[in-house]
Structures are given as structure tokens and as C-alpha cells.
1. Shape of the stretch A:198-346 from its Cα gyration tensor (a ≥ b ≥ c, root eigenvalues): rounded if a/c is under 1.5, otherwise prolate when a/b > b/c, or oblate?
2. Cα gyration tensor of the stretch A:245-290, axes a ≥ b ≥ c as square roots of the eigenvalues: rounded (a/c below 1.5), prolate (a/b > b/c) or oblate?
3. How much length is gained on full extension from A:Ala128 to A:Ser269, taking 0.36 nm per residue of separation minus their Cα-Cα distance?
4. Describe numerically, in nm with one decimal, the distance between label points set 7 Å from Cα along Cα→Cβ at B:Leu405 and at B:Ile324.
5. Highest GNM mean-square fluctuation, chain A, Cα pairs closer than 10 Å: which of A:Tyr178, A:Tyr396, A:Tyr413?
6. Find how much the distance from A:Glu319 to A:Ser71 grows on full extension, using 0.36 nm per residue of separation minus their present alpha carbon separation; answer in nm with one decimal.
7. Let me know the whole percent of all Cα-Cα pairs from the stretch A:118-238 that are separated by more than 16 Å.
8. By how many degrees, 0 to 90 and rounded to 10, does the Cα axis of helix B:258-270 deviate from the longest principal axis of chain B?
Amino acid sequence: MRRASFRRHGSFRGGIDLPEETHRTLHAPIRPAPPLECLRISLVPGGRSPAELIVSPGSRVSAGQCIARASDETGVDIFAPCSARLGETTTCPAADRDGFVEQAVVELTELPESQQIRTLTPVFDWRAATREELLARLLQGQLVTFTRRVQPLAQWVRRAMDRRCSTLLCNGMEHEPYVTSTHSLLKYHGPEIARGLAILAGAMGIDDVSLAVDARYQDDYQDIVAPTQTYGIEGYSLPSKYPISAENVLIMVLTGREVPVNGSPMDLSVAVVDPATCFAVYRWVACDQRCTHRVVTVSGPRIDDPGNYWVPFGADCHELLGNGEQPLIHGGPMVGKRIVDRSVVNASTDALLAIDAPIPHVPTPCIRCGWCTDHCPARLNVAALNDAFELGDVAYADRAGAMACVECGLCSYVCPARLALSQRVRRLKRNLFFLRHRAAMDKGGK
Amino acid sequence: MSEATSTGTQARPLAGARPRFHLIFSPFLYAPESVRTVFTVTFATCCLPLVAGLVLFGWRAAVVAAISIASCVLTEKLFFKVVRAPALVGRSHAWLTGLLLGLTLPADVPWYVPLVAAAFATTLGKAIFGGVGHFLWQPALVGRLAVTVIFPALLTGADGPILARNQLVRGDIRQVQAVQRLRDWPDQLPPAGYDGFVVEKPQQTLRLLYDSQRPRFSGIAYVGDGLERPEPPLLSRLPSVRRMMYGVRPGPMGGTCAVLILVAGVYLMYRNYVKPHLPLSFLLAAAVVAAIAPIHLVGHDGATRTVWYPFLYEGLAEGCVFLIYHLTSGGMLLAAFLLATEMTSRPVTRGGQVIFGLLGGALAMVLRICTRVPVPVFMAVLAVNTLTPLIDALWRPRVMGQSWLARFRLG
């Protein structure tokens with residue numbers, strides 16, 4: 001009998017096949033994190049103002065205990081990942097979309113041994129629950145999204161429902177070299193992810209649900225096939241070409257529709273979620289487990305013991321990576337950031353890498369080879385945008401569609417002149433966004 | 001993954017604390033190709049046509065190429081020393097420019113011609129624009145144009161030398177004897193003391209077809225129809241197609257051997273330094289213009305006959321042969337594959353390159369047919385190089401998520 005599998009799907013124009021380098025962690029099981037000295041848990045995961053501590057410093061807290069309450073709607077409650085002693089409130093850098101931001105954190109010390117990730121027994125019959133019950137329970141969860149910009153899940157769900165999203169896409173593609181956290185989660189906890197996705201869809205009242213996975217590894221994901229069929233989730237297997245897991249590109253490949261230049265996926269009534277979020281949703285809604293850990297790939301050529309670790313939020317990046325001589329990177333090597341001192345793991349940390357330092361090249365003038373333009377998934381003329389950057393011509397960049405950039409870093413990767421093209425386009429985008437924001441403010445003021 | 005826009009929920013630092021952004025940017029991996037590799041590999045590839053030139057035109061070809069490369073490198077060095085600006089990747093590109101310039105020159109020119117050409121190529125063609133990455137015209141062709149204007153007697157003749165078959169490589173290309181036809185090249189040997197012949201350039205023979213005042217031919221090929229005609233056919237005055245492919249004919253020393261130019265071009269396409277769109281559209285446009293432009297023939301009664309669509313006049317086979325002569329003569333392949341594809345002076349996008357190629361090929365053919373411009377193909381490339389910024393500004397690929405109309409908004 002032919003094995004049930006995912007539906008094959010096409011690709012997109014542009015992009016590139018990157019060297020994978022994932023062999024060291026690809027089939028490694030998810031292991032408990034190495035012993036940690038202390039945790040510095042952010043009090044502002046995606047929020048605006050820090051959550052307020054409800055436990056006095058110096059007292060002991062137990063695993064899953066609430067240690068801080070959100071001060072407004074945009075924040076989430078903070079829970080202790082394990083039993084520990086509560087320390088001082090300080091600040092430390094945590095990853096945000098563009099870099100590291102100093103955030104208020106609370107220290108936890110006297111940690112027990114790290115936990116193994118466990119398959120939990122369900123305590124809540126989510127299949128019998130009505131939509132309202134599911135939604136209410138989901139919103140109680142104080143979960144966050146596991147995307148590059150961490151935000152409260154409740155906020156994301158509300159926005160998606162306000163925009164009347166009719167399609168829910170689970171982005172199980174992973175395309176950056178070295179990174180295997182999503183892959184290992186899908187491989188070892190696939191059914192739970194499918195259930196989490198079904199819960200999310202049920203709570204948001206969405207019928208059209210798809211799960212996109214990497215075609216190369218679909219044999220590893222056989223456990224997911226049966227649950228997806230049970231819950232009416234359409235499974236797709238996509239060819240891996242960088243950057244297919246960028247939201248806009250994934251939507252273009254799967255639905256054939258393109259996200260407008262200044263819009264978001266929700267303008268097409270598509271909501272994109274990632275497997276880690278679905279996993280957290282399932283663990284909270286069905287098993288009553290708070291979201292305090294995530295899977296992090298620790299890898300790189302200089303790492304002796306690479307693997308996929310089940311790491312509590314707030315773990316120190318340097319403690320996980322060991323020595324700190326080579327550049328340490330937070331996230332994948334294409335879109336990640338250099339780790340700074342004292343930075344901690346948060347929901348956006350999919351990988352911590354120690355890779356060889358790229359040889360510092362002096363950028364030479366653009367020779368207009370056009371490779372950036374050939375490979376750009378958004379079909380931008382990056383050479384022209386580079387001219388716009390050098391001339392400071394933001395208006396031209398706007399007309400050339402700079403806002404469509406998906407920030408995948410491919411242009412910098414292929415550039416033979418070693419120009420920081422992706423960084424330059426990113427700055428143009430930020431400038432444009434700022435100018436537009438200010439114009440809107442001026443208009444509102446009058 | 002990326003969010004499309006950041007809305008008002010951006011994480012802000014603690015109230016009162018000064019935001020400290022640590023911006024050290026990604027990606028942390030790079031593709032292995034650098035600018036220097038690009039120029040070095042292109043240089044090595046362009047040595048292939050030079051090898052053909054060396055074989056067919058003898059050791060003087062190597063001398064011309066060496067002078068041209070050396071003086072390009074030295075002029076570049078001197079220029080940046082005088083203006084005290086850092087020449088970033090100048091040297092590898094100067095090597096390439098010198099080689100390309102050598103390829104466009106005939107092998108029998110005196111030593112000062114490549115020297116002057118290199119000086120013009122480097123200063124006027126490249127350095128005053130700001131060096132690599134900034135120039136408008138292909139520098140090698142700027143040098144070629146300059147010497148064509150300065151030394152017209154040496155470079156604009158209708159005839160050119162070619163070595164005899166027993167003098168290949170070792171012969172001196174300037175010891176040549178005048179002979180009219182090249183059809184019997186393998187059978188003929190020059191008298192003692194001579195190393196080769198002076199023969200008519202194929203593109204000059206082809207140009208005679210378009211002379212409406214005094215037509216020289218009564219047809220393109222007309223094989224075996226037994227009719228008496230007042231004039232010979234065109235092909236009787238041209239070398240055979242095989243010899244056109246091997247490059248046994250006078251011309252720029254790197255522009256005659258079609259086979260090696262094609263090999264070099266295909267390798268550059270394989271390396272993705274050249275997209276196939278540009279050379280193919282260049283050749284396509286040239287072929288289309290050659291196929292439809294009217295030729296003038298002598299009829300049976302001796303009167304001039306004007307024939308439109310020469311491609312179809314004597315049948316498809318003869319038409320194709322006619323096109324092959326047009327496409328392989330006069331440095332057309334050299335221009336299409338190696339000169340027009342110079343990265344800086346071509347448009348960036350695929351569509352732009354197609355437009356560029358179509359314009360260039362058509363203009364090259366029009367210049368050859370309608371004017372007396374000395375090297376029409378090279379001049380056409382220079383002319384369309386001028387349009388490159390315009391093409392780049394007008395032709396924009398449709399950006400993801402943009403409407404079909406947005407790309408036509410002029411910048």
C-alpha cells in the first residue's frame with residue numbers, strides 16, 4: 001500500500017540552494033538543556049511595559065507558578081520554568097526583530113536539573129469544546145508567538161480575527177543552514193503540532209488550514225499525516241529553496257497570491273503560524289502546561305556537542321554555547337544577529353550558532369552583476385536600491401518597491417562586491433516606514 | 001521569517017532606559033565568488049579567443065595583446081597614483097580590459113596602437129567615471145574607437161592580412177602578399193619571403209550587397225541552375241562557412257574564431273556571469289535585420305534588382321548560410337558574447353538586457369548596411385551602452401505584491 005503523504009507543491013522564481021550543514025543535528029533527538037547557573041526571564045516579551053512581579057524577590061517559586069502579571073493588554077503573564085529562587089530585577093539584551101533590545105528581566109537562581117521534553121497526557125477535551133470555550137481557554141494561556149518578533153499570541157489571534165482571516169498556514173519549512181529546531185519538533189512531536197494547529201483553527205473559526213513541510217524530510221513526518229487527515233488539515237510538501245519559509249514567499253507559493261507591498265499577510269486574509277507556536281498551544285489548551293521552554297538548535301563547526309535542546313526562556317546564550325571566541329549568532333546564519341554580552345534565549349531563538357567568522361572584506365563598488373536581482377524572491381532590483389541608498393533617495397526606493405523586501409539576506413549572500421545590500425535595503429525600509437509614520441502623525445495632528 | 005510591516009506593537013525598551021540597539025548585521029555566510037574572481041575567471045575565459053588569434057595571426061597577436069594588457073594596467077596604476085584615490089579592484093579589471101581591447105584590434109597594427117588605445121580605454125573609458133562599477137561605456141571599446149579615429153589608415157581598411165597555412169603561429173603577419181580571394185586558402189602558399197596574404201574582409205564583401213549604385217553580385221549562392229549571369233554569386237567571394245567558424249579570415253584577432261568565442265560565451269553563461277538573454281537577443285535582432293533588409297543584385301539584363309527578405313530569396317538553406325556569414329563576420333560574436341556583456345555597462349535586469357541586446361544587434365546591422373562606419377558592431381555596442389541607465393530606469397521587473405501598472409511609473 002502506498003504510504004499516505006503530503007501533497008507536492010511547486011516553488012518560486014529566484015532564491016538559491018544554500019549549503020545545508022544540518023547533518024550534525026538533523027536526526028538528533030531533543031535533549032534537556034545543559035546545566036544552567038541562572039535564568040533571566042524577560043518581563044516584556046513583546047509587550048510595551050514590563051509585567052509587575054507578584055512574588056517578592058528572594059522567595060522560592062515552583063515550576064509553572066505565575067511570577068509576574070501583565071500590566072496592560074499588550075503584555076503577558078510570566079511563569080517560572082522550573083522551581084527556583086527569585087532574584088533581582090535587572091535589564092539585559094533580548095532579541096527583537098532588528099537587534100537586541102534591553103529589556104527588564106527577573107533573575108532565577110538555584111535551578112534544579114534541566115527537564116526533558118515530555119509528551120503530556122491531555123486533561124482538557126478540546127475536541128468536545130465549543131469555539132467560544134476554545135478561544136477563551138487559548139486567550140487565558142498567556143502564550144507568545146515564536147516568530148522573529150515576539151508578540152502575545154492573544155493579540156495575534158485577535159488581529160487575525162478582526163481581519164477575518166479565512167486561511168491558516170502552518171509554516172513548517174526550515175531553510176537556513178545549521179538550523180533544525182522546527183524539523184526536530186515536527187519529527188518527534190508531529191501529532192501534537194497538528195493538534196495544536198487544529199485547536200488554533202477551531203478557536204479562530206478557520207476551516208482552510210494547511211501545513212507546509214520540507215519535501216526532503218517528509219518521510220520523517222509520517223506521524224503527522226494521520227492527525228492532519230483527522231482534523232482536516234491540508235499537508236503540503238515544498239521543495240527547499242532559500243527563502244521559501246519567508247511568510248510572503250510561502251504565501252505566494254501556496255496560494256498563488258502576493259502580499260501587497262505595504263501590507264501584511266492578513267491583507268490576503270491569511271494567517272501564518274509556526275509549529276513551535278502550535279506546539280505551545282496544544283500543551284496549554286489540552287495539557288494545561290504553561291509555555292516556558294522552546295527547542296533551540298545549538299550547532300556550528302566549532303561546537304563539540306551540537307544538538308537540539310529543550311531550553312527554558314531566559315537561559316544565557318553564552319552558557320549554552322560554551323566558549324565565546326568565534327562569532328556567536330542568535331538565529332540562523334542568514335537572518336540572525338551577533339550575540340551580545342548577557343543576551344538571553346527568548347521565544348524567537350530558534351538557533352544559537354558558533355560559526356567561523358566571515359573574512360572581513362572591504363566592500364568594493366557595485367559592478368552591477370545583477371545576481372542580487374536574479375535571486376531576489378521579491379524580484380526587487382537590488383542594485384537600483386543600492387544606488388538609492390548611496391544617494392539617500394528614499395522616494396525612489398519607495399517607487400522601486402523597497403517595502404516588498406522580505407529581509408532574507410540573499411542579496412548580501414551572493415554579492416561579489418561584499419556590499420551589505422540586505423542591511424541597506426532594511427535601512428531604506430525603516431526610513432520609509434518612519435517617514436510614512438510621521439506623515440500619518442502630521443495628518444492626524446491637523 | 002519576517003513580518004511584512006511592523007505595526008504599533010513594537011517592543012520598546014524600559015521607560016526611562018535609553019534604548020541600546022546592537023546592530024551587527026547578517027548574513028554571516030557568503031557565496032564564494034568575489035569581484036576579483038569574477039574578473040579573473042572572465043580574463044581566463046577570454047584567453048580562449050586570444051589563443052585562436054595567436055594561431056591564425058602569429059606571434060604578433062601575442063605582442064599586441066601583451067602591450068595592450070600591460071599598458072592598461074600601468075595607465076590605471078599611474079592614474080590612481082596621480083589622483084591619489086584608492087583603486088579598489090582596479091588591477092584585475094585592468095587586466096581584463098587590456099585583454100578585451102587586444103581582442104578587438106587586428107594583429108598587424110604597430111606597437112603604439114595598443115598603447116594609445118589602452119591609455120584612452122583606461123582614462124576616458126574607466127577612470128574618469130570613477131573606476132570599476134561606475135563607467136558608462138565598455139572601456140575596451142572606448143579605446144578601440146579612439147584608435148580608429150586617430151589612426152584611420154591602419155584600422156579602417158577593407159582588406160586585412162591572414163597567415164598562410166604553413167606559417168601559422170610562427171609567421172609574421174606583416175610580411176604578407178596581396179591576394180584577392182580567400183576561398184582557396186589551404187591550397188595556396190605565398191611566394192618565398194612572404195608569410196601570408198592580404199584578403200578582403202568578409203563584412204566588406206557583405207556590405208557590397210547593399211550598394212544600390214553598383215551591384216556586384218547576381219545572387220547569394222545559385223548552385224547548379226545552369227543560367228548565364230553577368231556577375232558571380234556572393235559566396236564565390238567569401239571564405240567557406242567552415243573557415244568562418246574556425247576564423248580563417250582577416251579581422252580583429254579575437255573576433256574571427258567563432259567556435260572558441262562560443263565556447264567562452266557558454267562557459268561564462270555556465271558561471272552565471274552572462275545571462276543568455278543578452279547575447280541571444282543581440283544575435284537574434286542582427287539576424288532579423290539581415291534577413292529582411294533589401295539587397296541589390298544584378299538581374300539577367302544587367303539592371304539593378306532590389307530584393308527584400310534575402311533570407312527567403314534563394315531558399316531557406318541559402319538564407320541560413322547568408323545569416324551565418326552576417327553573424328560571424330565583423331566581430332559580431334565577440335561583441336555579443338564578450339564585449340556587450342561587460343557587467344557594468346549592461347542593464348541589470350533580464351528584461352533590460354533583452355532590450356539592450358535587441359537594440360544593439362539591430363543597430364549593429366543597420367550601421368553595417370546603411371553607413372560607412374568603420375567597425376559598425378563595436379560602435380553599436382558603444383551606442384547602446386549609452387542607453388543603459390535609461391533602460392535600467394524604464395524597465396523594472398514587477399515587484400512581489402505590486403500591481404502590473406506600478407512598474408511603469410517613471411523614476
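Readers should treat all values here as calculations from the given coordinates under stated rules, not as data from a laboratory. Model, not experiment: these values are computed from the prediction. Every residue, glycine among them, receives a Cβ derived from its backbone with ideal geometry; neighbour counts consider all protein chains shown.
1. Working: a/c = 1.83, a/b = 1.51, b/c = 1.21.
Taking the square roots of the gyration eigenvalues as a ≥ b ≥ c, the stretch A:198-346 is prolate.
2. It comes out prolate by the Cα gyration axes.
3. Values: separation 141, 0.36 × 141 = 50.76 nm, distance 2.71 nm.
Contour length minus Cα-Cα distance gives 48.1 nm.
4. Roughly 5.1 nm, to one decimal.
5. Largest GNM mean-square fluctuation: A:Tyr396.
6. 86.2 nm
7. Result for the distance tail: 64 percent.
8. Its long axis makes an angle of about 10 degrees.
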